[in-house]
Each structure stands twice: as structure tokens, then as C-alpha cells.
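Taking it in order: structure first as C-alpha cells, then the write-up.
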Amino acid sequence: MGEMFGQIGELLLPRRCAGCRTPGPLLCPTCRKGLATPPQRVFPNTTPHAPVFALGPYADPHRGVILAMKERNHLAVRRHVGAVLAATLEYLEARGEIPTGAVLVPAPTRTRSARARGGDPVEQVCRATGRQVAPVLRLDPRTADQSGLDEAGRRANLAGRVQIFGVPAGQVVLVDDVVTTGATLQASAAILLSRGADVAACVALCAA
């Protein structure tokens, strides 16, 4: 139902670029170019015990696209971001930074938040890559919003709150929208590793 209303909204409202909000196409040429930059290795303070790569910094166009997906329920742009993520994974595979054909595991979110957004944006981006996706992680509904917490607060907030519903076979790449302190990736990787999963790397759409 949320997806249907989102699609109707995209038809009725004036089209703006999801990256910079200027009137025009879904993604303007400048933002398309900005999203196509090669990923970089990043080093969050809280290590997830696997290398972390980000497609760009938390600035436009990456910031604008993430806000469009999460806060404005922009469904159409999720498919485009999926294509960008697919190209990123191919690039990292070609460089030997990540294993070929790893299963994508979206970072956990609360079911209520995913429902309000017309589906989990990160999971939908992963599925738009055409690769195998295993959405086996969820956040306990009691988990607070991370945005207003410092590094220690984020770790404490996630302690024991990441739930797992299966272990993917083969090697795994964790995918998140934004990596800030690394607390979400660390908690996610920890529970996967504790169940015997092979977490090879983490990829975030941007790094704050």
C-alpha cells in the first residue's frame, strides 16, 4: 500500500532531482556524475571487524538521495541507487577488495520504520542490484533512533537489539545507507559472526 501511494505521489508532484532538489529529471546530470565516483575505504571508530567502503561522503548528491529515499519515500530513485551499488560491487570485485558473488545483507531497521517508508530502502536498493539478498537482520522495536546519540550512546542503544533470522550461506557483504560511528555495522557483523556467517566486507552508500 505504501509503495502504491508513493508511486501515485511521484506522478502528481512536480519532478525534482533526488540529489539536489532542482526541477528536472529523477537525477540531474551533475548528480549522476557525482554518484558515479569510485568507492573509498573508510575507517569508522567502531570497527565491524571487516573492511568498510563508502560510495561517497554524506554530502549531496549522496545525502540528498538518501533523504529522498528515507524521508520523502522516493521509490523510483531506489532502483537507480541499486544500479550505482551494483557498479560499486563490480568495481570492488575487480580490484579484489571483496569476494565475487557475495550475498548482500541489508543493515537492520525497525519493521515500523520500513513500513512507513514503503519498504526498507536499503533492502530495496540491494534487490535492485540483481544480486542475491538475505534480509536476515532486524532491530528490536524498542531500539531508539540513532541520529541523536553519540558514539557510546549508539553502541549502548544497539547492545542486544539486533535480531537475526537465519544465516546466509557463503560470504556476506553488509550494506547500509550511512556509516557514521560504525556502531550499526559492528553490531550487525557481530551477530552474524556469532552464528557462523562469513562477513567479508561492509559497503555504505555514504560516510558521515
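Please treat every number below as a calculation from the coordinates, not as lab data. Please read these numbers as outputs of a predicted model, since none were measured by experiment. Every residue, glycine as well, gets a Cβ built from its backbone with ideal geometry; the counts of neighbours run over all protein chains shown.
Structure notes:
- DSSP bridge pairs, region 51-208: antiparallel proportion in percent, nearest 5: 15
- Phi angles across region 113-125 convert, under the Karplus curve 6.51 cos²θ - 1.76 cosθ + 1.60 with θ = phi - 60°, into 3J(HN,Hα) values of 5, 4, 5, 5, 9, x, x, 5, x, 5, 4, 5, 4 Hz, Gly and Pro given as x.
- The chain: calculated mean residue ellipticity at 222 nm from DSSP helix runs of at least 4, using -39500 (n - 2.57): -11000 deg cm²/dmol
- Three-way shape label, region 1-144, alpha-carbon gyration tensor, a/c 1.5: oblate
- Of all beta bridges that DSSP places with both ends in region 132-208, some 25 percent have antiparallel geometry.
- Counting only cysteine Cβ atoms and a cutoff under 4.7 Å, the chain contains unmatched residues Cys20, Cys31, Cys126, Cys202, Cys206.
- Compared with the dominant principal axis of the Cα atoms in the chain, helix 183-194 is inclined by about 50°.
- Gyration tensor (alpha-carbon) shape descriptor, region 70-208, a/c threshold 1.5: oblate
- Structure remark: mean-square fluctuation, Gaussian network model of the chain, C-alpha springs under 10 Å; the largest value among Asp198, Asp177, Asp145 belongs to Asp145.
- Inter-part distance where region 127-159 and region 48-121 are each reduced to a Cα centre, Å: 13
- The chain: most fluctuating residue of Val136, Val105, Val162 per GNM, C-alpha cutoff 10 Å: Val136
- Simple Cβ-charge dipole of region 63-107, Lys/Arg +1 and Asp/Glu -1, about Cα centre, in debye nearest 20: 280
- For region 99-208, trypsin sites (Lys or Arg not before Pro) are listed when DSSP marks them as loop and at most 10 other Cβ atoms sit within 10 Å of their Cβ; the list is Arg142.
- As a calculated quantity, the FRET efficiency between Thr37 and Leu67 at R0 = 25 Å, using C-beta atoms, amounts to about 0.85.
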